[in-house]
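Bear in mind that the values in this text are calculations on the coordinates, not laboratory data. Everything quoted here is computed from the prediction, not taken from an experiment. Glycine gets a Cβ as well: all are built from the backbone with ideal geometry, and neighbour counts include every protein chain shown.
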Amino acid sequence: MGDSKKSNVTLKRSLTDAMQEALNAQILMEARSSYSYLAAASWCEKEGYEHSAQYLYTHANEEREHMLKIFRYVNEAGGHAIAPSITNLKYKYDSLRQVFEHILEHEISVTHAINELVDSSFSLKDFATFQFLQWFVTEQREEEKLSRRAVEIFDIIGEKGQGLWLIDKEIGRLDQLAHGGGAK
Ligand code: OFO
């Protein structure tokens, strides 16, 4: 029709609508993780827990990378990744311990969601996605371990006296310990 504009091209793809929908739901969940960590980091920083805040800022970035990993995968597979919109974040906490209990619960729910995704990819015989998701299976095991360790620190040290000061310091060293670094 004399229109020089390039027409849209719809490429055929093996990614099913069901799988795309499930991956987009996971994109939303990873974005929620990132913003939950960010909100918690801000609360910690405001309350003077600087090491915990640093730990949480680092994890906010990691979660964003998880989101982007899936985001790019969906588009590279010929699908349409949906940029998530996050509402209903928790901005205030009663205590430092509550921050890390909340994170542990959240990480456990992410592990369940990843397991469901893996299950769906297998049932749909989408083995490319199944293989792609293996990285997340391993990552969640680590994240859950780290979050559990953070909560345990409260029980081991105790929150009385200088306890909270020490707990904050220990939480700041968690990533280092998780990656095999020695104590300072
Ligand atoms: Fe994305 O790994 Fe935690 O939530």
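Here is a yes/no grid of residues against (1) surrounded by 12 or more Cβ atoms within 10 Å (Cβ to Cβ); (2) small (Gly, Ala, Ser); (3) without any contact (Cβ under 8 Å) to a residue 40 or more places away in the chain:
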{"site": "101", "(1), (2), (3)": "yes, no, no"}
{"site": "120", "(1), (2), (3)": "yes, yes, no"}
{"site": "128", "(1), (2), (3)": "yes, yes, no"}
{"site": "133", "(1), (2), (3)": "yes, no, yes"}
{"site": "147", "(1), (2), (3)": "yes, yes, no"}
{"site": "157", "(1), (2), (3)": "yes, no, yes"}
{"site": "160", "(1), (2), (3)": "no, no, yes"}
{"site": "165", "(1), (2), (3)": "yes, no, yes"}
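Taking the condition of being part of a helix (DSSP H, G or I) and more than 19 Å from residue 150 (Cβ to Cβ), how many residues in region 47-92 meet it?
Selection size over region 47-92: 12.
Quick one: how many residues across region 36-89 are within 16 Å of the ligand (Cβ to nearest atom), over 20 Å from residue 175 (Cβ atoms) and in contact (Cβ under 8 Å) with a residue 12 or more places away in the chain?
Residues that pass the stated criteria total 8.
Cβ-Cβ distance below 8 Å, separation of 6 or more or different chains: which pairs start in region 12-35 with a residue that is closer than 18 Å to residue 58 by Cα and end on one that is more than 11 Å from the ligand (Cβ to nearest atom) and assigned to a loop (DSSP other than H, G, I, E, B)?
Listed pairs, sorted by first residue: 31/84; 31/86; 32/84; 32/86; 32/89; 35/86; 35/89.
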